[in-house]
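Student: Sharing a structure below in structure tokens format, with a few things to ask.
The values are calculated or read from the model by the stated rules, or taken from the named source; none is laboratory data. Only a predicted model underlies this, so the values are computations on that prediction, with no experimental measurement involved. Please note: Cβ atoms are built from the backbone with ideal geometry, for glycine as well, and neighbour counts cover all protein chains shown.
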Amino acid sequence: MTDAKRNLIVSSIVFALALGYLCWAETYPAERGEVPRLVAWVTVVLTAIDVLAHTGTGFGARIAAALSGRAHLEAVGELRITVEEWLAVAWMAASLAAVVLAGFLAGMALYIAGYMIIHGKLSWRLSLYVSAGTVLSCWLVFDELLKVGLYRGILFEG
């Protein structure tokens, strides 16, 4: 299987998952579903663009060239995915899993503190303070001020 075909298949699978997420987000009550629906629609649009970019058509090639920095890649040479890039993808996947399981606030707290400790090499105390302050701010703004209930996660959804 060629790389182009593999990329199209992966993009199509991600697009299908985005559509599934959109369907799931549409089941939320009106006011609690605003943010999940917004995220779902943005994801659907971006993954649709990604699918088009991998179609192998002239239009898809223009989209891919405009969005991927191909001119830069041609100047630099071959594309290699580094360990750091794989770690970044893994970090984002773990963050998404934390949000799905524990909700936005807990997932955000874990992400911020973990990232500051592991990648920023900052003290755990400072990381926890910044994480707690950020989560508290988001809770005050979204839950208390705007009355937009944030997603509580599979584990805590009542």
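Student: Any residue at all in the stretch 105-113 that's touching a Leu at 6+ places or on another chain (Cβ under 9 Å), more than 30 Å from Ala30 (Cα to Cα), at pLDDT below 90 and surrounded by 12 or more Cβ atoms within 10 Å (Cβ to Cβ)?
Tutor: no
Student: With respect to Arg32, is the statement that it is modelled with pLDDT of 80 or more and within 19 Å of Leu150 (Cβ to Cβ) true?
Tutor: No; evaluated as a whole, the condition is false for this residue.
Student: Could I ask something else about it? With (1) at pLDDT 85 or above; (2) part of a helix (DSSP H, G or I) as the list, and Thr27 as the residue in question, which single condition is left unmet?
Tutor: Checking Thr27 against (1) at pLDDT 85 or above; (2) part of a helix (DSSP H, G or I), the one that fails is (2).
Student: Inside the stretch 1-29, can you point out the residues that are more than 22 Å from Tyr151 (Cβ to Cβ) and of a type in the set (Phe, Trp, Tyr)?
Tutor: Listed by number, the list holds a single entry, Phe15.
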